[in-house]
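The values are calculated or read from the model by the stated rules, or taken from the named source; none is laboratory data. Keep in mind it's a predicted model, so treat the numbers as computed, not measured. Here Cβ is always computed from backbone atoms with ideal geometry, including for glycine, and neighbour counts include all displayed protein chains. For accessibility, only protein heavy atoms count, side chains too; no ligands or nucleic acids. Shrake-Rupley method; radii C 1.70, N 1.55, O 1.52, S 1.80 Å.
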Amino acid sequence: MQTVFISELKPFLDAVAEDMDLYVPKNAGTHYVYNRYDPAAEAPVEFNNIRTCTPIKEFLFPLRELAAVFPEPLEPKDIKPFAVFGLKDCDLRSIEILDKVFTEEEFEDPFYTARREKMFIISSDCSEPAESCFCTILDGRPFAQSGFDLNISQVKDGFIIEVGPQKGKDFIEKHSQLFTETGEALLSEREENRAGTQKQLEQNNAELKFDTSIKEIVENSQDSEVFDFEAQNCIECQACTRVCPTCHCFYLYDTKREDYFGKMKMWDSCMRLAYAEVAGGANPRKVLGDRIKHRLMHKFSYFLDRYGIDMCVGCGRCVDAEAGGVDIREILKKLNEELKGKDKTKAKVAK
Amino acid sequence: MSQNLYQPINSEIVDIVDESPTIKTFVVVPEEKIKFKTGQFVELTLPGEGEAPFTPSSSPADTEKMDITIMKAGRVTGLLHECKKGQKVGIRGPYGNGYPIDDFAGKEVYIVGGGVGLAPIRSLFLTLIDRIKDFKSVVCRYGARTPDDFIYKKTLFGPWQKIDGVHMKLTVDEANGEWKDNVGVVTTILKRDDVNIANAVAVVCGPPIMMKFATLKLLEFGFGAEQIYISMEKNMSCGVGKCGHCMIGKYYVCKDGPVFTYDQIKDYPNIWD
Ligand code: SF4
Ligand code: FES
């Protein structure tokens, strides 16, 4: 793929902001959140070395939106083009997952699709993964593999920009005066950086080893007690599903306004007790442990069966957000141990 | 049709029939024709208040209007029960798979229903009797709590029972003065030789507890799990396989169901809850 070089971020970001609304990461102390880019701001935009706390779904599938209006039907408004800077490989893969659900041919979500088409994606490499990052277990990388318009890699003297398909090319062409060529030396510096971070991640996750696929592990956990055990630590804050970039549960509710009735679409959480309750009171997942189990089954078995990919990118956001201390990696580890135990017993019986 | 899948089609309630103390049938006329297959469901919106899923109880052949039979069970259904003729409502759908009627051809169709479960069954029944010659027979077993709780009384007690090829038996959990027929839950009127199981399919629809025991009884009679069709009632919101509310195991009830063979879902936990 084509690459170009720029020594500073600001002129690049200014050029993006000339063309469209731009959102950039802002250091909030322990993590990054997204803010609207202000070219006049004094503080420079920080290159986020790790994913933001904000899940990227917010840009495509906002916390709450108007989905229908009575009596006059609502069609998606003209969404203005917008750009988001600083997405990581896990974020790009989370978009791939959401695309499966919301742009499905049979039932396409017009609001999601409208935003998706207008989104200009500027991803960047990771260089400081957190302890909670376990993307490498789920085929993730600390650098974008595909799905971006532009990807930025920080090197000693500046930034290498890798140019994605059409939209990215058009942008670079339009602003070509900003960029210079990238030589071999810069590219090998990038490769070195990437390999370094990759190695760091692999070391981080050296302990997280499974004896078989995660799918098989969770599918064999139907009568495991691990979920009820973990549930003791869960305070049902639902933070895991909020910050998760792939969780996409929502509910529709109706509202009255002065001159119209509206139907709103709002994020929901499968961890909520009444989530699956019907009007008559029946509820297949009354028990918290069953809800935790369902969440994992959905991520690693059901979604995979239906769409061909896992519904988790290993970004570790849920691990960081967990107020009670439930750690998806620990659950998987325990289930793996359990399955190993079962297999041994089976093997013995077979002898 | 609207491009927005969350946008209901404007509709009007043109008639309301009191079926039982807790059940009413609403006759709804949508501004655009809605074609559905029997067993599919629609999302009915009471503007400003809420939305709930219902399986129409009318025949799909009637494309001008749609009957929706509703039991008062929660907030939205309670408010719907207070509605008068002329009320504007919204309809999204139809959603889901519906009954595989063509697969029933040449077979005995054994229908077991309870309570408001007769609503989807009525639509199925009307579809079946439209082409009754295609099926070996239609055998119906239906139970209500008391004689007052029967719905579609006018047709249920008269015309439907006289159709050639239809065999109907009714029961109540508790009798009152005039009731001369069976007393006992619906499973007490299911008999092994009601149909020739080798060439039959069973359709079960009603409150979860009734579906559970009816299904167990049918299995005991020798029905294969793949011969039993169940219409699942689950929490639904979007109706289009996205919001996640309706999931049982890997299935989205709204999209892959609501009609399942027992075989498809039997291994998932708590399917009747
Ligand atoms: S489940 Fe956790 S690690 Fe997986 S994508 Fe969601 S937030 Fe990231
Ligand atoms: S009702 Fe939303 S996924 Fe089924």
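Which pairs do you get when a residue that is of a type in the set (A, V, I, L, M, F, W, C), found in segment A:309-325, comes within reach of a residue that is open to solvent by 30 Å² or more (accessible area, probe 1.4 Å) and within 16 Å of ligand 2 (Cβ to nearest atom), reach meaning Cβ atoms under 8 angstrom, with the pair 6+ apart or on two chains? Sorted first by the residue in segment A:309-325, then by its partner, the pairs are A:ILE309/A:LYS100. Filtered by the rule that a residue be of a type in the set (A, V, I, L, M, F, W, C) and open to solvent by 80 Å² or more (accessible area, probe 1.4 Å), segment B:171-185 gives a lone residue, B:VAL183. Segment A:284-325 holds helices (runs of 4 or more DSSP H) entirely within its bounds, and those carrying 1 or more residues that are charged (D, E, K, R), over 30 Å from B:TRP272 (Cβ atoms) and under 16 Å from the mean Cα position of the chain (by Cα) map to A:317-321. Taking segment A:302-323 as the range and being farther than 22 Å from A:THR54 by Cβ and away from ligand 1 (no atom under 12 Å from the Cβ) as the test, the residues that pass are A:TYR302, A:LEU304, A:ASP305, A:ARG306, A:TYR307, A:GLY308. Cβ separations smaller than 9 Å between residues 6+ apart or across chains give the following pairs from segment B:241-253 residues that are small (Gly, Ala, Ser) and within 6 Å of ligand 2 (Cβ to nearest atom) to residues that are open to solvent by less than 10 Å² (accessible area, probe 1.4 Å) and assigned to a strand (DSSP E or B): B:GLY241/B:TYR252; B:GLY244/A:PHE250; B:GLY244/B:TYR252. Here segment A:215-274 is the region considered, the condition is being out of contact with any strand residue (DSSP E or B) (no Cβ under 6 Å at 6 or more places or on another chain) and of a type in the set (Gly, Ala, Ser), and the residue that is modelled with the lowest pLDDT is A:ALA274.
Looking for whichever is within 14 Å of chain B (Cβ to nearest Cβ), free of Cβ contacts under 8 Å to residues at least 12 places away in the same chain and either under 16 Å from A:ILE328 (Cα atoms) or open to solvent by 20 Å² or more (accessible area, probe 1.4 Å) (or both) here; the options are A:ASP228, A:ASP223. Which one fits?
A:ASP223
Scanning segment B:206-235 for residues that are within 14 Å of another protein chain (Cβ to nearest Cβ) and among the acidic types (Asp, Glu) yields a total of 1. Pairing residues of segment A:43-70 that are of a type in the set (Asp, Glu) with residues that are open to solvent by less than 20 Å² (accessible area, probe 1.4 Å), at Cβ distances under 6 Å and at least 6 apart in sequence or on separate chains, gives A:GLU65/A:LYS265.
Of the residues A:LYS286, A:LYS265, only one is of a type in the set (D, E, K, R) and crowded, with 21+ Cβ neighbours inside 10 Å; which? If you could, list the steps in order and put the result at the bottom.
Details: A:LYS286 fails: crowded, with 21+ Cβ neighbours inside 10 Å.
Unique residue meeting the criteria: A:LYS265.
Candidates are the residues of segment B:255-273 that are facing chain A (nearest Cβ under 10 Å) and under 17 Å from the mean Cα position of the chain (by Cα); the one that is modelled with the lowest pLDDT is B:TRP272. Identification of strands (runs of 3 or more DSSP E) wholly contained in segment A:28-138 with 1 or more residues that are more than 14 Å from chain B (Cβ to nearest Cβ) yields A:32-36, A:82-87, A:119-124. Determine whether B:GLU51 is assigned to a strand (DSSP E or B), within 18 Å of B:CYS254 (Cα to Cα), touching a Lys or Arg at 6+ places or on another chain (Cβ under 6 Å) and not aliphatic (A, V, I, L, M). Against the criterion (assigned to a strand (DSSP E or B), within 18 Å of B:CYS254 (Cα to Cα), touching a Lys or Arg at 6+ places or on another chain (Cβ under 6 Å) and not aliphatic (A, V, I, L, M)), B:GLU51 does not qualify.
Considered as a group, the residues in segment A:240-251 that are open to solvent by less than 20 Å² (accessible area, probe 1.4 Å) and not in a loop (DSSP other than H, G, I, E, B) include one that is nearest to A:PHE111 (Cα to Cα), and that residue is A:PHE250. Is it fair to say A:GLY308 is farther than 27 Å from A:HIS31 by Cβ, in the same structural domain as A:HIS248 (by TED's automatic domain parsing) and either within 16 Å of ligand 2 (Cβ to nearest atom) or open to solvent by 10 Å² or more (accessible area, probe 1.4 Å) (or both)? Criteria met by A:GLY308.
Annotation: of all residues in segment A:155-211 being loosely packed, with under 14 Cβ neighbours inside 10 Å and closer than 15 Å to A:PHE143 by Cβ, the one that is farthest from the chain's Cα centre (by Cα) is A:SER188.
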